[in-house]
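Asks: Below is one structure. I have some questions about it.
The values are calculated or read from the model by the stated rules, or taken from the named source; none is laboratory data. These numbers come from a predicted model, not from an experiment. Here the Cβ positions follow ideal geometry from the backbone for every residue, glycine too, while neighbour counts run over all protein chains shown. The area values use the complete protein model at the heavy-atom level, side chains included, leaving out ligands, DNA and RNA. Shrake-Rupley method; radii C 1.70, N 1.55, O 1.52, S 1.80 Å.
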Amino acid sequence: MAERPLDSILNPPESATHGTGTVYALAAAALAAAVFVRWLLDPLLGTTLPLVTIYGAVAAAAWAGGVRPAALVAVLGYLACDYLFVEPRGRIVIDFGAIVGVAAYLFTCALIIGFGEAMRRSQRLANEQREVLRVTLRSIGDAVITTDLQGRVTYLNSVAEAITGWRQPDAFGQPLDAVFRIVNEDTRLPVENPATRALREGVVVGLANHTVLVHKDGSECPIDDSAAPIRNERDEVSGCVLTFRDVTAQRRHDHERSSQMLMSWLLASIVESSDDAIISKSLDGIIQSWNAAAERLFGYAADQAIGHHISLVIPEDRLAEEDHILANLRAGTRIDHFETERRRADGQRINVSLTISPIRDAAGHIVGASKIVRDISERKRAEADRQQFVTLIESSTDFIGICALDGTPLFLNRAGLALVGLADLEDARSKPVASFFFPEDQQMIVEEFLPSVLEKGHGEVDVRFRNFTTGEARWMAYKVLTLPDANGRPRAFATVSQDVTERRRLEDDLRRLAADLSEADRRKNEFLAMLAHELRNPIAPISNAARALSLGAGDDKDVRAASNMLERQVGQLARLVDDLLDVNRITRGRIELRQERVELGAIVQHAVEAVKASYAHMNHTLTVSLPPKPIVLVADPTRLAQIVGNMLNNACKFTDRGGTVSLTVESRDGRAVIRVRDNGIGFKAEELPRMFEMFSQVDTSLERSRDGLGIGLTLVKMMTEMHGGTVDAHSEGPGHGSEFIVRIPVTIGQEEATSGPIVDDPAQGTRRRILVVDDNHDSAESLAMLLTLFGHDVHTAHDGREAIEAAERLRPEVMLLDIGLPQLNGYEVSRHIRNQPWGKDLTLVALTGWGQEEDRNRSREAGFDAHMIKPVDQDALLFLLSSLPART
């Protein structure tokens with residue numbers, strides 16, 4: 001049983017022999033079928049196993065006709081497959097790398113032909129060739145398995161044993177599928193056993209592509225070959241022979257060859273499509289290849305450059321570079337990014353970057369060089385432009401910087417580094433942008449300004465930059481814009497900022513100057529109004545007293561009172577005028593000191609005598625303390641008396657009626673010290689800096705009852721300093737009095753004067769009950785005296801509360817009411833009276849030194865019927881009184 005299939009192989013039936021024409025026809029048909037089958041399999045196989053189906057055709061031809069038809073099929077089959085299925089397709093190429101494959105193919109075909117021939121010869125050799133065949137099968141390079149008609153294994157050669165892992169004794173009688181297990185390499189699904197088909201159909205069957213054989217131990221290997229039926233002498237299929245081989249090495253070789261071919265194709269494509277010129281040359285500098293980019297760069301076509309020396313593109317003054325390059329190449333040294341100049345076909349010189357690598361043969365010997373040439377002319381121009389730009393930035397005095405969106409500094413020019421006190425760019429990069437500003441400005445910059453710049457694309461703000469070294473603040477016009485990326489999205493902040501510290505200082509100076517001018521203008525207006533007020537105050541009683549005297553009425557006592565009043569008020573006017581003239585002379589530098597030896601005590605006594613009347617009028621107590629020993633000074637006695645007098649007048653004015661004032665004179669540390677202390681209104685500590693300013697007064701309210709222009713203390717300071725002295729002021733606060741101290745080696749002074757009234761012709765009218773209210777007693781008494789002479793019943797009051805009490809008690813027909821009153825001002829008195837039932841028909845006349853339109857409107861709003869300016873026009877007042885309706 002075991003011998004019969006093998007005998008069938010060795011002894012084919014006579015019917016297998018055919019005529020010559022038929023044999024070649026069958027061979028041609030087998031070849032055509034094999035090529036057709038390979039063409040059908042081409043979408044699956046590609047360039048892999050291009051000859052796989054030819055083996056069947058060769059076997060068929062060998063079986064059918066012997067050596068010649070099979071050899072012809074083998075040759076024609078190889079040529080056909082090489083032309084149709086081997087790259088490059090469409091032509092027949094046999095190179096050195098394919099010789100091994102051709103040899104293997106021919107060897108396999110020879111084997112197949114040999115088998116066929118052996119089959120034919122088996123008819124004659126029979127049993128005596130059996131052992132020869134067995135030896136042949138064992139020594140053959142391919143694996144061979146034979147089966148009986150039921151597909152059970154009858155024989156394995158040694159190669160088949162090695163590939164399958166089955167030994168002949170173990171495999172004998174086993175189903176072929178158990179020994180010869182094959183699956184698809186990609187899908188892992190079982191593949192139909194070719195022997196089964198060969199047995200079923202009696203034809204030669206080749207394995208499908210990507211078939212792997214599963215070893216007995218589970219390992220796998222790719223196989224390639226075919227199965228053929230075994231026929232007996234009656235040409236009946238009695239078994240199957242399966243021939244296969246391990247194609248792992250072939251697969252690897254084919255893959256490597258394919259990869260090499262693909263790599264060569266890719267490299268060629270890269271070289272041709274490269275934007276850089278790629279040139280190869282021999283070690284003697286002869287150009288061997290020249291890609292399209294080289295043609296574009298140098299202006300030479302490939303046929304104009306290949307075969308010529310590389311000096312074709314090297315300027316004469318740079319030929320020595322080539323010797324250096326060739327020396328490095330022979331030493332096997334690669335040259336990277338060598339920047340130089342080369343020459344185009346039109347003679348133009350261009351900047352290039354060279355990368356030169358040695359080319360080695362299979363033995364590792366250097367046989368040439370590959371050169372990559374890149375045109376860097378644009379880069380060089382850009383670098384030159386950039387350098388000019390950098391030079392411009394670095395030489396700029398502006399603060400120029402760039403920072404990332406997260407606030408990390410990226411660049412800062414030299415001027416910027418110097419302005420913020422940083423050593424270098426690395427130092428700057430360690431400081432977040434927020435730290436360039438002062439803490440009180442950081443939130444505004446980081447949370448408000450920069451987000452606004454990010455939204456709008458730009459922004460500007462004046463802000464202080466901080467010097468990290470000194471802490472100094474510099475005002476900067478901080479101008480910021482965003483730098484976009486290629487897609488237009490912001491990627492960084494950039495700033496070109498100018499130092500505007502000097503501009504800000506000038507602006508501040510201008511603002512201060514404007515404020516000073518505004519303040520001076522305000523004080524000028526206040527002074528003019530004050531001057532008008534102060535001049536009207538003494539003029540009013542003078543006018544009234546003069547009018548009364550001109551009437552020639554009254555007794556001697558009234559005449560003396562009027563005369564004294566005139567003397568006091570005229571003195572007041574004289575003092576005001578003298579102070580103004582002295583201030584004018586001092587500020588213009590036209591006053592001169594007439595110094596002589598004087599005794600300070602005598603000058604002080606003279607000044608005290610000058611102010612006695614004012615103190616007596618205010619019911620003040622004045623105590624004078626002189627040193628036991630005379631103090632002799634070299635001074636201008638008039639100006640020295642003026643200093644003392646002004647200090648005493650100031651204390652008198654700002655001390656309420658019945659107050660106390662002390663004058664102390666002493667010698668200390670070589671200086672004369674004059675102290676004037678009162679228990680008057682005092683002042684706040686913050687009012688001290690403007691205490692000695694021109695036309696400045698602490699009390700500027702409507703209730704102010706202090707006369708004067710606010711220049712008395714200014715004169716004290718000026719005249720004291722003219723003698724090298726100093727003046728100080730102290731107060732415990734409002735209501736706690738004041739102390740003024742003059743320390744001078746030489747002082748000057750001036751006496752005070754008073755004035756009295758003048759009377760105008762009276763006008764006739766109805767007798768009225770009139771209440772005159774004025775804190776200036778002379779003014780009130782003089783006006784009362786005048787109105788009494790005209791037959792009116794006149795009463796007086798001197799502050800707001802006294803005026804209300806007198807009005808409720810007397811129920812006058814007319815009230816002549818001063819606005820600037822102590823306790824309650826005239827507006828408040830008017831409103832109170834108008835709220836009383838008896839006060840609704842009362843005629844209220846405002847008497848004041850304030851005569852602006854707004855003053856008239858205010859008095860009207862407060863309920864006054866008329867507004868008259870001091871000194872009152874007597875005729876107008878008498879006319880007003882006479883024009884009032886009679887009261888029942």
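Asks: Just how far, in whole angstrom, is region 410-466 from region 32-106 if you go by their alpha carbon centroids?
Replies: The two parts, judged by their Cα centres, are 79 Å apart.
Asks: Continuing with this model, one more query. How many angstrom lie between the C-alpha centres of region 157-187 and region 203-242?
Replies: Result: 10 Å between the Cα centres.
Asks: Place the peptides 328-337, 33-42 in order of packing, highest mean first, counting for every residue the other Cβ atoms within 10 Å and averaging per peptide. Don't jump to the answer; show the numbers that get you there.
Replies: Working: 328-337: 13.3, 33-42: 17.3.
Top to bottom by mean Cβ count within 10 Å: 33-42, 328-337.
Asks: In vacuo Debye scattering of region 371-438, one point per C-alpha: log10 I(q)/I(0) at q = 0.17, 0.24, 0.27 Å⁻¹?
Replies: For region 371-438 at q = 0.17, 0.24, 0.27 Å⁻¹, log10 I(q)/I(0) is -0.68, -1.01, -1.15.
Asks: Among G347, I314, S377, flag the residue with its Cα farthest along the positive direction of the charge dipole of region 290-381, charges on Cβ as +1 for Lys/Arg and -1 for Asp/Glu.
Replies: Towards the positive end, the residue furthest out is S377.
Asks: Taking only the C-alpha atoms, wrap a convex hull around region 174-323 and report its volume per residue in Å³ as a whole number.
Replies: Values: hull volume 32.6 nm³, N = 150.
Cα-based convex hull of region 174-323, divided per residue, equals 218 Å³.
Asks: So between V632 and F879, what do we pick up on full extension, going 0.36 nm a residue minus the alpha carbon distance?
Replies: Working: separation 247, 0.36 × 247 = 88.92 nm, distance 6.03 nm.
Between V632 and F879, full extension yields an extra 82.9 nm.
Asks: Ok, one more. Kindly list the residues of region 408-441 that lie in the label zone of V390, defined by a backbone N under 18 Å from the point 7 Å along the Cα-to-C-beta vector.
Replies: Taking a point 7 Å out along Cα→Cβ of V390, the residues of region 408-441 whose backbone N falls under 18 Å are 410-417, 424-429.
Asks: Once the whole set of protein chains is in place, how much accessible area is left on D186, using a 1.4 Å probe, in Å² to the nearest 10?
Replies: So the heavy atoms of D186 present about 110 Å² to solvent.
Asks: Within region 241-355, what whole-number % of the accessible surface is contributed by carbon and sulfur, with the 1.4 Å probe and all protein chains included in the calculation?
Replies: Numbers: 3330 of 6230 Å².
Roughly 53 percent of what the probe reaches on region 241-355 is carbon or sulfur.
Asks: Considering the zone a paramagnetic label at N184 would reach in this model (a point 7 Å from Cα along the Cα-to-Cβ line), which residues of region 35-59 have amide N under 20 Å from it?
Replies: 37-50, 52-53
Asks: Filter the cross-link list K557/K653; K612/K717; K717/K870; K684/K717 down to pairs whose alpha-carbon distance in this structure exceeds 30 Å. Present the calculation step by step, with values, prior to reporting the outcome.
Replies: Details: K557/K653 28 Å; K612/K717 23 Å; K717/K870 32 Å; K684/K717 19 Å.
Cα-Cα > 30 Å for K717/K870; rest within.
Asks: Give the peptides 468-481, 142-155 in descending order of average Cβ contacts within 10 Å, highest first.
Replies: Working: 468-481: 16.6, 142-155: 21.1.
In decreasing order of mean packing, 468-481, 142-155 become 142-155, 468-481.
Asks: Let me ask something additional. With no solvent and one point on each alpha carbon, what is the Debye value of log10 I(q)/I(0) for region 413-501 at q = 0.23 Å⁻¹?
Replies: After summing over all Cα pairs, the log10 values are -1.26.
Asks: Now, a different point. Quick one: which of 174-182, 497-505, 51-59 comes out on top by average Cβ neighbours within 10 Å, and what's the full order, highest first?
Replies: Ranking, from highest mean packing down: 51-59, 174-182, 497-505.
Asks: Next question. Take every DSSP beta bridge with both residues inside region 606-698 and express the antiparallel ones as a percent of the total, to the nearest 5. Numbers along the way, then the final one.
Replies: Working: 8 of 13 bridges.
Roughly 60 percent of the DSSP beta bridges within region 606-698 come out antiparallel.
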